[in-house]
Every structure is written in structure tokens, then in C-alpha cells.
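The structure appears below as C-alpha cells.
The values are calculated or read from the model by the stated rules, or taken from the named source; none is laboratory data. Keep in mind it's a predicted model, so treat the numbers as computed, not measured. So basically every Cβ, Gly included, is an ideal-geometry build from the backbone, and we count neighbours across all protein chains shown. When the accessible area is computed, the model is the full protein with side chains, heavy atoms only, and any ligands, DNA or RNA have been set aside. Shrake-Rupley method; radii C 1.70, N 1.55, O 1.52, S 1.80 Å.
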Amino acid sequence: MDNKNTAIARKKEKRSELYRKLGPAIALVVLVLIVTVMNTNFIQPTNLLNLLRQVSINALIAFGMTFVIITGGIDLSVGSTLALSSALTAGIIAAGVPALLAIFIGLLIGAFLGLINGLLITKGNVAPFIGTLATMTIYRGLTLVYTQGNPITGFGGGFAFQFFGRGYLFGIPFPVIITTIAFIILFVVLHKMTFGRKTFAIGGNEQAAYIAGIKSDRVKMMVYAISGMMSALAGLILASRLNSAQPTAGTAYELDAIAAVVIGGTSLAGGKGRIVGTLIGALIIGTLNNGLNLLGVSSFYQQVVRGVVIIIAVLLDRKK
Amino acid sequence: MDNKNTAIARKKEKRSELYRKLGPAIALVVLVLIVTVMNTNFIQPTNLLNLLRQVSINALIAFGMTFVIITGGIDLSVGSTLALSSALTAGIIAAGVPALLAIFIGLLIGAFLGLINGLLITKGNVAPFIGTLATMTIYRGLTLVYTQGNPITGFGGGFAFQFFGRGYLFGIPFPVIITTIAFIILFVVLHKMTFGRKTFAIGGNEQAAYIAGIKSDRVKMMVYAISGMMSALAGLILASRLNSAQPTAGTAYELDAIAAVVIGGTSLAGGKGRIVGTLIGALIIGTLNNGLNLLGVSSFYQQVVRGVVIIIAVLLDRKK
Amino acid sequence: ATLEGDQTGDNGEVEEKSPEEITIGLSISTLNNPFFGELQSGVIEAAEENGSTVRSVDAQDDTATQVNGVDDLIQQGVDILLINPVDSDAITPAIESANSAGIPVITIDRSSEGGDVLTFIASDNVEGGEMAAEFIIEMVGEDARVVQLEGVPGASATNERGEGFSNVADERLNVLESQSANFNRSEGLTVMENIIQSNSDIDAVFAQNDEMALGALEALESAGMTDVIVVGFDGNDDALEEIEAGRLNATVAQQPDEMGRIAVEAVYDYFSGEEVESEIAAPLELITNE
Amino acid sequence: MQVELRGITKAFGANQVLKGVDLKLEPGEVHALMGENGAGKSTLMNILTGLHKQDDGTVYINGEQKQYANPKEAEENGISFIHQEMITWPDMTVLENLFMGKEIKNKIGWVLTKEMKKEAEKVFNELGIDISFDRTMRTLSVGQQQLVEIAKTLLNDAEVIIMDEPTAALTDREIKLLFKIIRQLQEKNVALVYISHRMEEIFEISDRVTVMRDGVSISTKATKDTTYDEIVRQMVGRELEDYYPEMTHDKGEVVLEVKNLTHLPHYENISFKLHSGEILGFSGLMGAGRTEIMRGIFGIDSFEEGEILLEGDKLDIKTPHDAVKKGIGFLTENRKEEGLILDFPVKDNISMTAFEEFSNKGWIDTKEEKEFVDLLVKRLTVKTASIDLSVSALSGGNQQKVVLAKWIGAGSRILILDEPTRGVDVGAKREIYNLMKELAERGVAIIMVSSDLPEIIGVSSRVLVVHEGSIAGELHRDELSEERIMTLATGGE
Ligand SMILES: Nc1ncnc2c1ncn2[C@@H]1O[C@H](COP(=O)(O)OP(=O)(O)OP(=O)(O)O)[C@@H](O)[C@H]1O
Ligand SMILES: Nc1ncnc2c1ncn2[C@@H]1O[C@H](COP(=O)(O)OP(=O)(O)OP(=O)(O)O)[C@@H](O)[C@H]1O
Ligand SMILES: O[C@@H]1[C@H](O)[C@H](O)CO[C@H]1O
Ligand SMILES: [Mg+2]
Ligand SMILES: [Mg+2]
């Protein structure tokens, strides 16, 4: 009996697991169908590529956020990290550093800013919400101090930097390619490597993970560094696309990123989640924004619709 | 040894308890001293009353937030609730409803908006973070739809409504008096009445609370309703002070409110907290804002300083 | 029980002061927008040249923060207030409390609906909107297909520029879409990208500020729609550069630093007992690449 | 009050836990409820008190059909339940905990603290408990918390009290006190349901015993008419001979040497040697500091003085990570908080300590991982339908085996087992002893901390008795007896 029961339990678990996995995907398909029916322009290849390019910023940030949330944390500073690292990178490029090197340095800056979050949270024992809330303000302030509140433009960087956000490869926008690569790498790290296992374990039961010999502080610091680096990457793409580093860039981006992660089925309680879900979550949000624009919905109503869709998506997910 | 140990543990607890209680207060005193030394204008009675009046908005919202956070939840929608309820109240007054009645209706609207959060969280089983994130967007959108994006002004309300935010009683700004009354009532409810006990019980151990016969759904709904009502109250004061209901009012206020709560020693994990702490937290943030202005610190640096002070306050609190 | 603003301060003769004795309180709506940064520099430079002190606070685009900031300036005992309101209605009480403290107020860029204001210095945003529409007609003719990118919903600049634009465009242009991009460059980019998807045939774009215009420009360029006429508003450095480069067609240039200087002039006029006009128009100029 | 449960059935999803259980409770009796882990004892009591609703069957109170809507209602009707997982609010005070959900208040809901203190005072005096009402629960020892829980039921004037493993965390002294209280309650005609995996207690305290197996109640007998072996046989469904396996007790080399370890106020001057292949028992009263010593050795807490030598070399352990790297494993006393990730599959729980075994440069070879885990699951005979099932679905004994598997998988040469059989049923206990024997024979050095005296005596090669943070004495296998240990543990010579 024990065996029969657990076999059934297992089947059930499998089924609800399947729903959990497919829930967000189904929501996305439904959304795409609705928008397409209402405006066939939506499904045009050019619009889809356009959509993907728009999504890439939020998706990149949300990928990093997925790691953070799986450990049971949160990173509110992503938008400010994006702004500060892209402003500094623009400054570096303006100072004559070659674009590729500057991009590399920019990513390191992002990782460093994330590391500071990680230090506050692990060594300082500050709750992630409040620690990253503080650095959100601090990094934004530093960005404004550094830029004096003015966008940095005409900093150059030549073809390489321009290509970063605005280029096409085989007809596909380069940011989409970057996002795809980042996705593959992070997917592997999260689901195929020991680092990912440790990330999950910490979120599942930090105490138990620690006693099992997992260096939870180190993993957490890495995770916040990843989040910082992803934000910087998004920031560099944005700066390249806009041809300028904006001091106010990224304001409130944390909310979209968190929404993408949660819609994708990752639990805010930690220990449970999938980066594929996050990608789908980001696509849902992007489709919504793009679709509502295409349908000419006024921006006031857009906000209402966006909130309602988030709730529906999350409720659907709950219904296992 | 059992006794010896527990005696030591007990002494330790008492001490850490004391620090926990006094930590924020000490931080406030230090801050006040520093600002006063740098600019004696700060300590002038007129400025202190001015400061208190400035603090009242954030304090009111943070009082409600304290209840929410003690249950282990969070309310990101407070700023939007503030905007929507004050816009609707302005509309009601403009339609000729007497000010006092309108204020009462306005508070009910706030409570109702909070109740919706509560329903989503209890009946819908949506995580508070994501549920109130969604309503934050929805309520803001509805405010914009209702106001067409324009501030509502000249709606009247006569002396009664004007007095609400701009009046003085015995030389004390009326918002300060309202805040004091709200504080006393909520203090009693939280620390002296069974409702408060239940609030703590849910945040401390929800499963246990259920077994103890506490109707946690009902308590939670009440708590979110309180948060909504406090936001509405803050919104009405603001509308009265500004002589207009602004569709964008209250944007990002949730962050200041949460910061006040956490600086005041209430744990984001729930089950632990004090509303006195929240008051002190709000005073710290207010003193900081007022002081930095008095000291002529540029607004960019202000953000940096504010973030750093939040971290220091929280770290001090951790140091038991 | 009293209301703030009930007790009126001494409204007697102006006490004459030399520039060195004057402390100017400046409240800016948001320094995150370079436009206002320039406005602030205009004030500070003009004041420092003459030896006056400036204390400035930033409202970060929040009406309540602005009222608090003005209160803080009053506490510091400034001699005069230069206010760049976040919102024309919501600033009224702050101006009233300055009035009751006997501190004169000058508003810049956006007006105040109430309270006593010494003078109001701004460009005529309605006229600016009209100028933009006229320019588009001049370039691509009547009934051209136009898209408008609006500013922050509810902001007076948004409403007034929109009003001016429709004054002309309603009759003489074909406005396809009008959507908000919040005076923000990256939103200008995405909103324009999305509009392009359903409107491939666009003749011109009017963005209510340069930031959005620059975002739209990137969107049009990557869609290969380089012949669309784009008109911005403000005349900020980036925009002027793009006009130079021939990518942006025009901008309705304001001169924020000039507004700041004019405001400081008005302060000195006031404290030397001279008459100050109740409204001073800051120069507005259509800059094109011709 | 007379309580009768008749034909109770209950399934959680597809898991048919109860298939028709009968239980009759008479006023003034202590009724022991026995059964393996997962037999459904707690579930049955939760049905009686209205936390769960049965699928079928009826509850009769004094002969009348009755269904409580929730635990509160049951409590108000005189049925109190001291839960297995203690129901406490660690950050709230003792007084707040005592009166949670039933505060004494005035009409407007104002809590009357003085009145509550007066009431509580009475009960505390009756129980001989001396704990300040204003302390937060967190600062009490587990035993003290348990006493508060017991006091809570007395506040209710309960006619029926259910105790679900109440002694799992009590000191000997406290157990004696508890039994005294139970006798007093009995005199007041209160009926008690007593659930425990400690067989010897059953014979000491209960009047009747009901045994459950496979979802049905097998038998109810007067305690004096049954035997230890009979109960065990009924519980596990087969004969269990040799409760403790025959140990060889062949000592090898010294692998671990602890010198003068001190961490005040928890322990002082702890020195001992551990040999490969031995099972070193650590006995003592609860709260003596044994867990603290082990946490110190394993690097969870720091210590002030002393050193640890591993095979003669000085060890520098700062975190559990260092300990694991050196081949030390630590099964903690509370598997739910520190041992397992309950929501995670068996596989992930076991593989957590041994990534190197099946990964290369951080890459996991999932096939190898599966083989690795399968092997351990088979070796330890963990009863699970699949290694992908979450551990929360396993019985307590099997959960404990998963923790063991984790440490064996980590290749531990030194295993610290802190209360390895706490809350584990007889059958599973025996399997755990067998595993310990097998490991010891393969040269693993084992430290076993246990408060269960028969177990310490049955399994250890050598026993160190800890008293008030110091080692009060060492007893060799042939000197072991309950009296000797207790004398040392309570400070005697
Ligand atoms: N709320 C629940 N949801 C699903 N399954 C449950 C729930 N509660 C208990 N079970 C399952 O019911 C079975 C019986 O559990 P129960 O706790 O009643 O056993 P028990 O006899 O008290 O065991 P132990 O001696 O270990 O305390 C177990 O298989 C358990 O996993
Ligand atoms: N949560 C706690 N808060 C305060 N003191 C505690 C806590 N837990 C244990 N103690 C105290 O620490 C001391 C050592 O406890 P420890 O758990 O190490 O003892 P032990 O001998 O292992 O007993 P046990 O068998 O109960 O684990 C005891 O005096 C106990 O009262
Ligand atoms: O006039 C200013 C600028 O156009 C700015 O870009 C937005 O705010 C307006 O008030
Ligand atoms: Mg049980
Ligand atoms: Mg112990």
C-alpha cells in the first residue's frame, strides 16, 4: 500500500508539475492569440523581432533576478545598477577606452555593485529587501552625482558599441542574440551545474544547506553579482540603443523584472523556480506592452490591464 | 547549569531587547544632534512643527504598513491607494457632498481598496508582494482614467476640508494632531487589544494561529483594510495641503513607508514589531529629508546619504 | 483653529537690499531632467556673479516633496523664493505659506494657480505646440500623417503643448496616434517602435520634448524610416547636435538658463525697488537645420 | 467525558491514511496510542479535534454524534491537544502564548494582562513551573516550552487531553513531573490519549493501549495484559528479535582527538578521543550541552579555547564546509530545520553533500548522480516510491535515513549522530542501529548523542556522560547501566 500510494502521489505531483511548467506558456499563447486576432500586425515578423528586442532588457534583468529570488532574496537595486554601470561605462568610453574593453569593464562594474548587495545581505545580515532598497537609492544618487543629472551622449565607442544595442546578425537584432546566449548560459548554470543546485538548496532551507557544507554566503554573493552583471548588460544595450546613458534609466525596472520572474512560476519564498518560466514571464509582459500599444489602448488603461493580467497569470499558476 | 544558562540567556535577551527598543531612538537622537550642530535653525519650534507636519504623511502610511508587515505581508499599493482615494474624494466633494461626509467616504474607499488586496492575498492565495504590486498598477491606472491625468482642483470642501491638511489647533498643525490620534488608536489596537495579538500570531506562525482558532483570513483582510484606510487618510491630508488631488501623488511612497517600518525594528519576516518604532523610523527619515535640505546638501547627494543612513540604522539594529 | 496662510505677513514697503545681502531660495521640480539642471545653473550663475547666495531644493517631480522643500527654505529664512512648480495647482498652498511669511515668490517655467506671485517667467508652451504643427505643415504639407508623443500625463507642459498642437493640427493635419512616453527617452523609443508596427506610413512626429524625440529618432532609424520629419521641444544639447547632424529636423527651443537669469534679474529689480512685470516671456525659438 | 471514534477513514489525496479506526476513551484513563511512523496517529487526533475532517466514520462524545468545526471549538468543549510539532510563537511572551486565541478581555477587546497572569499563576503553581511570563518563548529550552504547552491545556479545564509525543524533548526530571501531573489529572477524571515511541513509558503510565497498523486499529488491551514484544509485533506486523544488533566493537586507530574544548557558558574543558570503528555514546540530561559540543566540533558555532586533531593533525574548522571537506558528517537533532530540505526530492537531499562524486568542474552528470543516489537509497533501504519524491512525503524514519544517506554519500569517516532515533518508530530504529553497526564495521568512527538510555547502552562501545557542560565520566561497555549513567549525569560520583 505504501508503494501504491506513493506511486499515485508521484503521478499527481508529476501532473501538477506539468501544469506548473505549462501554465505560463499557455497564458502566453492565449495572449498572443488575442492580440493577433485584434491586430494582425502583431504577428508580422518585423513586429515579433521588434518585440523580442524590447523584451531583451527586462528579460536580462529578470534572469539575474531569478537566481536572487530562488535563494529567497530580492534585488530592488537592478534599475539603479543599470543606470550607474552604463553611465560609468559611457564615461570610460568617452575617456578613450576601446568599446569592447569598456563593455567588459561595465559588466564588472555591475557585478561589483551586485557584490556590495551580497555583502550587505550576508556579512551585514541585512534583509535583502531593505539592503537593496538602500543601494537602489545610493546607486541612483551616485549616478546623478556622476552625470550631474545630464545624459551622457556622443561618447563614441564606434561601431562595436553601436552594434551592441542596434546591430543585426542574420537579420536578428543583436540584443536578442545576446539575450539568447545569456539565457543558455544561465539556464545551464542554474539547472545543470552544482552552482545552481546550491542556489536552490539555499532557498529551500538555508540552515540545512549550510550544515551540508554549502558556503551559503559565497553562493549568495555570487548570485547578487550575477544580478548586478545582468543589469549592467541590460544597461549597456539600452545605452547603445538610445545612443546615450541616461541618469534616470531603469527607474522602476525592478518591478517588471520581479513580475516576470513570478509570472514565470518562481516562488518568492525561494527554493523553487525555473529560468525558462522567467523568459516566458518577460515575453508575457512584453507582449502586453507591445500589444496594448498596437491596439491603441490609452496609456491610462494600459496600466489597469497590465495589473489585471499579472493577477490572472499568477492566479492561473496557483490553480495547479 | 540549566538554570545558570537560561539566566544568562535571559539577561542577554533582556539586553538585546533593550537595544532593539532603544536602537532606533538612539539613532534619531544622534541624527537630531548632528543636524542641530550643523544648523541651529533645525531646532527652532517652527521648524520642528514643520518637520512633524512633513512626517505625518509617511507616518500614517507606515502605521498601516506596520500591521501588514507584522502579519508577514507587504503592501506596495499604498501610494496608488492614496492617489485613487483622494481623487475620488475630491470628485465627491466637487459633486457637492459636504466635506466631513466626503472625508468619511474617502476613508472607506481606502479601506475598500485595501480589502481588495486582502481578498487577493487570502482568497486568491496570491503572494502579498505580487498582489499589491498588481493593484499598485491598477489603482494608479484607475486614478489616471478617472482624472484624465489632470489634477482635480478647486473642488471646494470649504473650511472643513482645508482645515484638514492646513489648519492649526493650539498652534499645532492639524495633520500632526491627526497623526497623534491615529498613533494612539493603532498603538492600543496593536499592543493592547486581541486584534493586535492575532496580527502578531499570524505573522509568527500562521498554521499555529489557525489551530488556536484565529481566523487568519479575516484578520489579514482587516489589516490590509487598515493599511488602505491609513493611505487614504494620508491622501486626504495631502490633497488638502496641496489644495488639489494629484493623479501622480504618492508615487514610490511605499518605499519610504517600508523603510520607516524596518528602521523602527519591525521584522520583514513577520511576527515581530512595534508601532512606536515605526513612528521613530518615520521621524528619522523626515529629519533626514528636512535636515539635508536645511544643510543645503544637493539633492543628488541626498539620495546617497539617505540610503547610507537606512543601512546604518538597520545595521545598528542588528548589532543587538 | 486657524488655517495656514491666514495670517498675512508685513506687506509694507520693500526693504531694499544689495545683491550681496540676498539669499535666494530655489525649488526645482526635478533635477533628473537636464532641462531643469540648466535652469538651475542659470539661476546660480547669475546670482553668484552678483554675490548672492542660492539655496536650492529638488522636488524630484513629487508635489508633496516640493511643498516640504519650500517649507524648509522658508525655515532657513531666505529673502525670496524662485519656484519651478511640479504642478501649477498643487503649488498654491506653498506659495500661500510663503506669502504669509512675507517672502516674495517668482515662478519659473510653470505657473501657479493661486497665491501672490511677483512674476511668472516661462515660454509660451501653447504657442510652442502651434509652432511645431506649423513647421510640420510647412515641411510636408496639409493633411500629413502625424504621430504625437506626449509628455507626463497631467503635466502642464504636456497639456499646453498638446493644446497648442491640436489648435493647428486638428484642422490641418491627420493625427494618427497620440501616446504618452512620459518625457522619457527610452519610452520614446519603445512607444515609437510599437506605433510603427501598425502605422508604416508616417510623415512626421511631434514629440513634446527632445528626450522623446531622440528616442523616436532611434526607432525610426532602425526601421529604416529616415525620411520622417521629427520635431522636438526644449532645444537641449543632444537635440541641437542631432539637428546639426541632420537627423532631427527641428526643435522648439526653450532657453532654460536664460529663464533662470531673467528670474535673478527680476529679483534684483524687486530689491532695488523697481517695478517687476507680472509675466515675463522667455524667448522661444524654432531651431531647424536650415 | 467519554469519547468514541468509530470507523474513521481519511485519505490525503491518494494516500489512504486511515481505513476504519476505532478508539474508545473512558474518563480517567490514560490511553496509549501506538503505531509506526505515518500510521496515522496524529491524523486521527486531528480529526477528533476538528483540524481535519474524516472522509467517513463518526465521533461520539458521551454517546452523542459530534463533529467539531475547528480545534478551537474542540478546546472550548473540553478537548485539548498538545501537538507533536509544538504550536508556539517564538517571538511572543510566555503569557501571550498561554492565552493565544483565548485572551481574557473586556467588552471592547482590551486584553486584561493582570487577570491572565493571575490565572496562569495558578496553573504554574500547580505544575511547579517557575518561568517568567514575560520571557519570549524562543529563550526557553525545548523542555520548558513543552511545559508551557502543557500548562496551556490546564488553563482550559480540559476533560480530555491528547499528548502527542510530549516527552520527546523533556529532561528526566521534567518527565517525572509530567507523569505526576498526568496522575493528578487522572484523579480529576480527565481522560488522556498518550502517543509515544518510547516503549518503556507506555508501561509506566498507560492503562490501556491501542495499536494501529496499515490504517486500522489492530487491538486495544489493558496495558498490564500485554507485553513489549506483543506491542512491537502488532505495530510492525512481524516478529522483531534482537532489538539491538550484535556489535563487534573492534576499535581501530584514534581518528579524532578533542582537547580542552571550551565555549562558555555551554561547555568547558571537553577532551576525548574517538577511534575508527567505535560507537562513542554521549549521554547526559537534556540541556547538558552535548549538542553545543558537537556544533562546536563541526564548525557551526565557534569555541573559545581548545583544539581538535584529525589523525594527529591540528584541524582548523571554521564552517561546516571545512568539516565536510575533512570527512566529518553531522546528523542534527532536528532534521526538519537543519537536516532536510523538505520540499526537495530525495535525490537532491542526498546529493547535496557530494557534488564532486558526480560532477566535473561544476557540471553535473545527472545519470551518474542518479546512480549514486540509487545506490545509497538501496544500501540504506530508504522506503520511497522514487528518488524524485519530495522527502516531506516520507515517514519520519525514512526521512532520518535520507539524512544518513547524505552523510554516507559525503564519504564521512567520522559521523556525529545527534538523537538519531528521536521520534522514529521501533522498526525504523532497528534499521538505523543496523546501519550504524555496518558503518562501524567498515571503520567509520561514530559519535552518538542520545537521551534514550536503553539505546545508549544497547549500541555504544563506550559512553561519555556530560553533566553541566563538562564530561563527568567515561563508562566502558561492560560498566554500562542506567543507574551508573544517571548518577554521573546528575552530578553524582
Ligand atoms: N496535511 C497532510 N496532507 C497530506 N498528507 C498528510 C497530511 N498530514 C499527514 N499526512 C500523511 O498521513 C500519514 C499519517 O501521518 P501522521 O502524522 O498521522 O502519522 P503518525 O502516526 O502521527 O506518525 P509519527 O509517529 O511519525 O508522528 C503520513 O503518510 C503523512 O505523510
Ligand atoms: N533556543 C535556545 N535559547 C536559549 N537557550 C537554549 C536554547 N536551546 C538550548 N538552550 C540552552 O543551551 C544549553 C545547551 O543545550 P544543548 O541543546 O546543547 O544540550 P544537549 O545536552 O544537547 O541537550 P539536548 O539533548 O536537548 O539537545 C541548555 O542549557 C539549553 O537550555
Ligand atoms: O518645459 C519642460 C521641458 O520640456 C521638460 O522636458 C519637461 O518638463 C517641462 O516642463
Ligand atoms: Mg504523529
Ligand atoms: Mg541536543
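Scanning the stretch D:251-286 for residues that are open to solvent by 40 Å² or more (accessible area, probe 1.4 Å), part of a loop (DSSP other than H, G, I, E, B) and closer than 20 Å to D:V444 by Cβ yields D:K251, D:E253. Can you find even one residue in the stretch D:159-178 that is within 13 Å of chain B (Cβ to nearest Cβ) and over 30 Å from D:E483 (Cα atoms)? So far as the stretch D:159-178 goes, yes, one or more of its residues are within 13 Å of chain B (Cβ to nearest Cβ) and over 30 Å from D:E483 (Cα atoms). Looking only at residues of the stretch D:471-491 that are more than 19 Å from D:R173 (Cβ to Cβ) and surrounded by fewer than 16 Cβ atoms within 10 Å (Cβ to Cβ), we find that the one that is nearest to the other protein chains (Cβ to nearest Cβ) is D:E474.
Under the condition of being part of a loop (DSSP other than H, G, I, E, B) and closer than 17 Å to D:I387 by Cα, which residue from the stretch D:354-370 is most open to solvent (accessible area, probe 1.4 Å)?
Quick first cut of the stretch D:354-370, residues part of a loop (DSSP other than H, G, I, E, B) only: D:354, D:361-362, D:365.
Retained after the next criterion (residues that are closer than 17 Å to D:I387 by Cα): D:354, D:365.
On the way: D:A354: 1, D:D365: 64 Å².
Across the stretch D:354-370, the extreme among qualifying residues is D:D365.
Any residue in the stretch B:145-155 that is of a type in the set (A, V, I, L, M, F, W, C), surrounded by fewer than 23 Cβ atoms within 10 Å (Cβ to Cβ) and at the interface with chain A (Cβ under 7 Å from one of its Cβ atoms)? Within the stretch B:145-155, one or more residues are of a type in the set (A, V, I, L, M, F, W, C), surrounded by fewer than 23 Cβ atoms within 10 Å (Cβ to Cβ) and at the interface with chain A (Cβ under 7 Å from one of its Cβ atoms). Among residues that are out of contact with any helix residue (DSSP H, G or I) (no Cβ under 7 Å at 6 or more places or on another chain) and either part of a helix (DSSP H, G or I) or at positive phi (or both), D:E119 is included. Of the candidates C:N209, C:N167, the single residue that is modelled with pLDDT of 90 or more and either within 16 Å of ligand 5 (Cβ to nearest atom) or farther than 23 Å from A:A249 by Cβ (or both) is C:N167. Just the residues that are more than 15 Å from D:F12 (Cα to Cα), away from chain B (no Cβ under 14 Å) and modelled with pLDDT under 90, please, taken from the stretch D:36-94. Those that are more than 15 Å from D:F12 (Cα to Cα), away from chain B (no Cβ under 14 Å) and modelled with pLDDT under 90: D:E36, D:N37. Exactly one residue among D:V211, D:V190 is surrounded by 21 or more Cβ atoms within 10 Å (Cβ to Cβ) and over 10 Å from D:A32 (Cβ atoms), and that residue is D:V190.
Of the residues that make up the stretch B:222-230, is at least one modelled with pLDDT under 95 and open to solvent by 10 Å² or more (accessible area, probe 1.4 Å)?
Kept after step one, since they are modelled with pLDDT under 95, are these residues of the stretch B:222-230: none.
No, the stretch B:222-230 contains no residue that is modelled with pLDDT under 95 and open to solvent by 10 Å² or more (accessible area, probe 1.4 Å).
Test D:D388 against the stated conditions and say whether it is within 16 Å of ligand 1 (Cβ to nearest atom), acidic (D, E) and open to solvent by 10 Å² or more (accessible area, probe 1.4 Å). When the stated conditions are applied, D:D388 does not pass them. Considering the conditions (1) at pLDDT 90 or above; (2) farther than 22 Å from A:R166 by Cβ, C:G232 is excluded by exactly one of them, (2).
Contact map, the stretch C:20-48: residues that are closer than 16 Å to C:Q66 by Cα paired with residues that are charged (D, E, K, R) and in a helix (DSSP H, G or I), Cβ distance under 8 Å, separation 6+ or inter-chain. Pairs shown: C:N33/C:E211. Evaluation of D:L285 against the conditions (1) more than 16 Å from ligand 1 (Cβ to nearest atom); (2) touching a helix residue (DSSP H, G or I) at 6+ places or on another chain (Cβ under 8 Å); (3) within 14 Å of chain A (Cβ to nearest Cβ) shows that the sole unmet condition is (3).
Taking A:G114 as the residue in question, decide whether it is more than 14 Å from chain B (Cβ to nearest Cβ) and buried (at least 24 other Cβ atoms within 10 Å of the Cβ). Give the derivation first.
On the way: more than 14 Å from chain B (Cβ to nearest Cβ): yes; buried (at least 24 other Cβ atoms within 10 Å of the Cβ): yes.
So A:G114 fits the description; yes.
Taking the criterion of being farther than 30 Å from D:D313 by Cα and among the acidic types (D, E), the residues of the stretch D:323-359 that qualify are D:E337, D:D343, D:D348. Here D:K437 fulfils each of the conditions (1) within 14 Å of chain B (Cβ to nearest Cβ); (2) surrounded by fewer than 20 Cβ atoms within 10 Å (Cβ to Cβ) apart from (1).
When C:A122 is tested against (1) away from chain B (no Cβ under 13 Å); (2) at pLDDT 90 or above, just one condition goes unmet, and that condition is (2).
Just to be sure before I move on: is D:G296 surrounded by fewer than 22 Cβ atoms within 10 Å (Cβ to Cβ), at pLDDT 90 or above and of a type outside the set (S, T, N, Q) in the structure I sent? Lay out the reasoning, then the answer.
Details: surrounded by fewer than 22 Cβ atoms within 10 Å (Cβ to Cβ): no; at pLDDT 90 or above: yes; of a type outside the set (S, T, N, Q): yes.
It is false that D:G296 is surrounded by fewer than 22 Cβ atoms within 10 Å (Cβ to Cβ), at pLDDT 90 or above and of a type outside the set (S, T, N, Q).
List pairs: first residue in the stretch D:402-429 and of a type in the set (F, W, Y), second residue crowded, with 22+ Cβ neighbours inside 10 Å anywhere in the structure, Cβ distance under 8 angstrom, at least six positions apart or on different chains. Pairs found: D:W407/D:G329; D:W407/D:F330; D:W407/D:L331; D:W407/D:T353; D:W407/D:L415.
Of all residues in the stretch B:248-290, exactly one satisfies the criterion of being within 14 Å of chain D (Cβ to nearest Cβ) and among the β-branched types (V, I, T), namely B:T266.
Filter the stretch B:266-312 for residues that are in a loop (DSSP other than H, G, I, E, B) and in contact with a strand residue (DSSP E or B) (Cβ under 7 Å, 6 or more places away or on another chain) and give the result.
Here is the first cut: in the stretch B:266-312, the ones in a loop (DSSP other than H, G, I, E, B) are B:266-274, B:295-298.
Within the stretch B:266-312, just B:G296 meets the criteria.
Put simply, of D:D388, D:D478 the only residue that is assigned to a loop (DSSP other than H, G, I, E, B), over 16 Å from the mean Cα position of the chain (by Cα) and either assigned by TED's automatic domain parsing to the domain that holds D:N349 or of a type in the set (D, E) (or both) is D:D388. The lone criterion from (1) surrounded by fewer than 24 Cβ atoms within 10 Å (Cβ to Cβ); (2) at pLDDT 90 or above; (3) out of contact with any Lys or Arg (no Cβ under 9 Å at 6 or more places or on another chain) left unmet by C:D10 is number (2). Would you call D:I432 more than 16 Å from ligand 4 (Cβ to nearest atom), farther than 25 Å from D:E246 by Cα and not acidic (D, E)? In short, no.
Taken over the stretch D:149-158, residues that are more than 16 Å from ligand 4 (Cβ to nearest atom) and within 14 Å of another protein chain (Cβ to nearest Cβ) amount to 4. Kindly evaluate D:V465 against the criterion of being away from ligand 1 (no atom under 16 Å from the Cβ), more than 20 Å from D:G492 (Cβ to Cβ), crowded, with 20+ Cβ neighbours inside 10 Å and in the same structural domain as D:R295 (by TED's automatic domain parsing). For D:V465, the condition - away from ligand 1 (no atom under 16 Å from the Cβ), more than 20 Å from D:G492 (Cβ to Cβ), crowded, with 20+ Cβ neighbours inside 10 Å and in the same structural domain as D:R295 (by TED's automatic domain parsing) - is not met.
Of everything in the stretch D:418-428 that is open to solvent by less than 10 Å² (accessible area, probe 1.4 Å) and part of a helix (DSSP H, G or I), the residue that is nearest to D:E165 (Cα to Cα) is D:V426.
Elements of the type helices (runs of 4 or more DSSP H) sitting completely within the stretch C:109-227 and holding at least 1 residues that are surrounded by fewer than 21 Cβ atoms within 10 Å (Cβ to Cβ) and within 16 Å of ligand 3 (Cβ to nearest atom): these cover C:125-140, C:156-172, C:185-198.
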